[in-house]
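Trainee: Below: one structure in structure tokens.
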Amino acid sequence: MQEEKKIITAQEVRFLMVGGTAISAKRQNPSDGWLTEKQWANIVELSESVPAFKGFDFDMEENCEKWKVIFGS
């Protein structure tokens with residue numbers, strides 16, 4: 001198992017299995033409505049709590065239109 005081999009942490013497994021618990025974000029949603037407030041809050045939570053995704057929220061803010069295309073595909 002990935003967790004036993006230390007490839008993935010228990011925190012990462014928990015987030016991937018259950019998802020985020022945040023209902024609001026500390027920062028404004030950068031999308032023009034294609035991300036819900038809960039989705040944006042979960043992206044911020046993921047970025048802050050799972051080291052592999054550190055900075056993902058800032059990348060989404062900076063490249064929002066590119067992420068919109070990926071999200072919609």
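Readers should treat all values here as calculations from the given coordinates under stated rules, not as data from a laboratory. What you see is a predicted model; the values in this text were computed from it and never measured. Here Cβ is always computed from backbone atoms with ideal geometry, including for glycine, and neighbour counts include all displayed protein chains.
Trainee: Under 23 Å between C-alpha atoms is the cut-off here; go through the chain and count lysine pairs that meet it, provided they're at least eight residues apart or on different chains.
Mentor: Qualifying lysine pairs in the chain: 11.
Trainee: Here's something else I'd like to know. Can you find, among Phe15, Ser73, Ala41, the residue sitting farthest towards the positive end of the charge dipole of the chain, where Lys and Arg contribute +1 and Asp and Glu -1 at Cβ?
Mentor: Of the options given, the answer is Phe15.
Trainee: While we're on this one: How large is log10 I(q)/I(0) at q = 0.12, 0.22 Å⁻¹ when the Debye formula is applied to the Cα atoms of the chain, each weighted equally and without solvent?
Mentor: Summing over Cα pairs of the chain leads to -0.36, -0.98.
Trainee: Continuing with the same structure: Where nothing but the Cβ of Lys and Arg (+1) and of Asp and Glu (-1) is charged, how large is the charge dipole of the chain around its Cα centre, in debye to the nearest 20? Present the calculation step by step, with values, prior to reporting the outcome.
Mentor: Working: 9 positive and 12 negative charges, 31 e Å.
The dipole magnitude comes to about 140 debye.
Trainee: May I ask you to derive the FRET efficiency for Ser73 and Arg14 from their Cβ-Cβ distance with R0 = 22 Å, giving the value to the nearest 0.05?
Mentor: Numbers: r = 28 Å, r/R0 = 1.25.
Result of the calculation: an efficiency of 0.20.
Trainee: Among 17-27, 49-59, how do they line up by average Cβ neighbours within 10 Å per residue, starting with the highest?
Mentor: On the way: 17-27: 11.8, 49-59: 14.3.
Put in order of decreasing packing, that is 49-59, 17-27.
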